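Reviewing the structure listed below.
The values are calculated or read from the model by the stated rules, or taken from the named source; none is laboratory data. What you see is a predicted model; the values in this text were computed from it and never measured. FYI the Cβ positions are ideal-geometry reconstructions off the backbone, even for glycines, and counts take in every protein chain you see.
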Amino acid sequence: MKIIVGIDLGTTNSEISCLRTEGRPEVIPVEGETIMPSCVGIDHEGRLMVGRTAKNQMVANPEQTILSIKRRMGEKITLPLGDKAFSPEEISSFILGKLKSAAETYLGQKVEKAVITVPAYFDDAQRQATREAGILAGLDVVRIINEPTAAALAYEAGREEKQRILIYDLGGGTFDASLVEMENGIVEVRSSHGDTHLGGDDFDRLLSDHVALPFKKKYGIDLKSDLKAANRLWVAVEKAKRTLSDRPFATIREEFIVGDRHLDVEISREEYEEMIRPLLRKTMIAVHSCLKDAMFLPKAIDKIILVGGSTRTPLVARMLEDDMGIEPHHEINPDLIVAMGAAIQGAAMSGAKTKAILVDITPYTFGTRAIGEYQGRMTSDVYVPVIKRNSALPVGKEELFYTNYDNQQDILVEIFQGDEPLASENIFIGNFWIKGLSKAKAGNLILLNLELDVNGILKVTAKEKATGLARTVTMDTANKGTGTNLEEKRSNIESFLREDDDVEADGDDEGGGERDDGDVVLDKQGLINRAKSLRKRAEGMIPGVNEEDAAELTDLLEKNRRAIAGHDWGTVGRLNESLSDMLFYLED
Ligand code: ADP
Ligand code: MG
């Protein structure tokens, strides 16, 4: 069977994917990266460069570099490059050609057919130019599909019931909101709204200004008027922006940016969010126009899907959730989802059975306990989520906390799993002390970093921002259920709290792994783990037993699930025993 690849030919970045195994499109790396900048350039010897290399040389050679050619698709123009001139479809064909040859290397076979995506608002001329770009690259473009359609396919392919999906796509230079209706595998874009000049580039610009203005005041030098300095600045702020998606602070440091002047600025996520908030408001207005066009109320939406690199900015999901009342989905990598959806379409056209994409996600939220407001009063039991459930794994997030009183030198870091607003209502995972903080006023900044890997290993680091004093502890959050007895389970859990090395720490070694309400907590975790492993065994068994036994097992499982949700540990224990007895009898 000939493979039909899927290509997201983006304004800022392009991606290529294909589907060989059911349900799992592969993203094909180009020079070791899954994302290739849609950038074309000529080096000093007149040779063509495409992708990362072209983007890298942009700083040194901005005049010989072309970015965002997608904006010009369908126009009858040519752009100079080296000593020649090229049409937009020719420039785009260089991008497609590079993707095609990366795929051929990766797959070890010729790639001749492709599905290419375009924005929903692209008109005929723009679609035709895209098709021509494909032909120029040696590709048979078997279908052009809309980007929101591709995104919806990635989540919903193979589903029969009717779904109304809002696709929020914030890329590098453009924003699109689309309402997609899907039924029996047929996808229809009901309405689409957006702004062809709003995206991550604007955020970069705001950040650049934020950095360049004080520099100008201080040294009298305008970084933006010097082409090379301006490009270095842009690369640096873009990187800082990405850092701010996962962390509360980012540093922009560029040595000798102009003459012997250095740039060294720290920016907080809060400052950054205030800068971009007005632009994100504009996107919300477009979302509402989109709903209005399709004559839908927000509550008619079944799902919101985040697409485009800029939707990794946490404020995006927050604003959407506040506004629409449902939590947007971002489990499938927002930079890659369109290419993956195109690959699903390609596979369907080549006759393969297709399914929505499976991804490794964490089904649980992980967070910590802090002092804060709950139902109008202050409490020391507020739960602050750090890693949200449904995040794709591996995931790392950092949040900022403050000391509570003057000269506070110790902090107990406590980690919980769950979504309840009070920490004590969630499942305790582990805790540790960080001691020897400097004697500072209340409000001393503490960074809490959580890194969760695909095996459920959680690495927790607490760090005093001012001094770098830090402590890291590794906790195992995974369900290690094997059906062994409770004693074994207990000792297994005892070892959950394994101490790592003290990164950058210069003090305290004692006192780690303390737990105030240890016994209760151990029981809870043990019961849950046992329930999970019993469930696994039971589910494996249900298809092979008679109807009556199957019904009884299902009933016990359901009751147990409810008991866990209701934190009714006594019942969980009893149900575990009943399940275990029944499995014992059935397995015999
Ligand atoms: P396009 O569809 O326009 O080609 P992408 O979907 O690839 O664009 O998005 C590119 C934009 O996403 C860039 O502005 C880039 O800076 C931004 N971006 C990428 N990763 C992150 C991140 N982690 N946080 C915030 N913005 C990001
Ligand atoms: Mg895009």
Residue count, the stretch 354-371, condition in contact with a helix residue (DSSP H, G or I) (Cβ under 9 Å, 6 or more places away or on another chain) and under 14 Å from MET340 (Cβ atoms), comes to 4
Considering residues of the stretch 154-206 that are in contact (Cβ under 8 Å) with a residue 12 or more places away in the chain and β-branched (Val, Ile, Thr) only, the residue nearest to ligand 2 (Cβ to nearest atom): THR174
In the set LEU263, LEU227, LEU223, the lone residue that is touching a residue at least 60 places away in the same chain (Cβ under 8 Å), away from ligand 1 (no atom under 15 Å from the Cβ) and more than 27 Å from VAL316 (Cβ to Cβ) is LEU227
The one condition ARG277 fails out of (1) assigned to a helix (DSSP H, G or I); (2) among the charged types (D, E, K, R); (3) under 16 Å from the mean Cα position of the chain (by Cα) is (3)
Count of residues meeting criterion [within 16 Å of ligand 2 (Cβ to nearest atom) and buried (at least 24 other Cβ atoms within 10 Å of the Cβ)] in the stretch 1-12: 5
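Residues checked against (1) in the same structural domain as ILE16 (by TED's automatic domain parsing); (2) among the hydroxyl-bearing types (Ser, Thr, Tyr); (3) touching a strand residue (DSSP E or B) at 6+ places or on another chain (Cβ under 7 Å):
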| residue | (1), (2), (3) |
| --- | --- |
| LYS84 | yes, no, no |
| SER87 | yes, yes, no |
| GLU90 | yes, no, no |
| ARG127 | yes, no, yes |
| ALA133 | yes, no, no |
Going by the structure shown, is PRO248 over 30 Å from ALA154 (Cβ atoms), within 21 Å of the chain's Cα centre (by Cα) and away from ligand 2 (no atom under 16 Å from the Cβ)? yes
Looking only at the stretch 313-328, which residues are outside any helix (DSSP H, G or I) and crowded, with 19+ Cβ neighbours inside 10 Å? THR313, PRO328
Taking the stretch 62-86 and keeping only residues that are touching a residue at least 24 places away in the same chain (Cβ under 8 Å) and of a type in the set (S, T, N, Q), one is left with THR65, SER68
Just a yes or no: is a residue in the stretch 468-484 at pLDDT 90 or above and assigned to a loop (DSSP other than H, G, I, E, B)? yes
Grab the strands (runs of 3 or more DSSP E) fully contained in the stretch 395-452, keeping just those with 3 or more residues being more than 13 Å from ALA466 (Cα to Cα) and of a type in the set (Phe, Trp, Tyr). 427-434
From the list ARG318, ARG247, ARG281, which residue is assigned by TED's automatic domain parsing to the domain that holds GLU26 and within 16 Å of ligand 1 (Cβ to nearest atom)? ARG318
Looking at the stretch 147-192, which of its residues are crowded, with 22+ Cβ neighbours inside 10 Å, hydroxyl-bearing (Ser, Thr, Tyr) and part of a strand (DSSP E or B)? TYR168, SER178, SER192
Restricting the stretch 158-173 to residues that are within 14 Å of ligand 1 (Cβ to nearest atom) and in contact with an Asp or Glu (Cβ under 7 Å, 6 or more places away or on another chain), the one modelled with the lowest pLDDT turns out to be GLY173
Search the stretch 67-85 for residues being β-branched (Val, Ile, Thr) and more than 28 Å from the chain's Cα centre (by Cα), and hand back the single one that is farthest from PRO119 (Cα to Cα). THR78
Restrict the check to the stretch 48-56 and report whether at least one residue is assigned by TED's automatic domain parsing to the domain that holds ASN333, assigned to a helix (DSSP H, G or I) and farther than 24 Å from LEU336 by Cβ. no
Over 23 Å from the mean Cα position of the chain (by Cα) and either in a helix (DSSP H, G or I) or assigned by TED's automatic domain parsing to the domain that holds VAL118 (or both): is that true of LYS241 in this structure? no
Out of curiosity, is GLU331 outside the structural domain of LYS441 (by TED's automatic domain parsing), under 30 Å from ARG281 (Cβ atoms), charged (D, E, K, R) and within 16 Å of ligand 1 (Cβ to nearest atom)? yes
Which condition from (1) in contact with a strand residue (DSSP E or B) (Cβ under 6 Å, 6 or more places away or on another chain); (2) not in a helix (DSSP H, G or I) is the one that PHE94 breaks? (2)
Select, from SER289, SER310, the only residue that is outside the structural domain of LEU207 (by TED's automatic domain parsing), in a helix (DSSP H, G or I) and within 16 Å of ligand 1 (Cβ to nearest atom). SER310
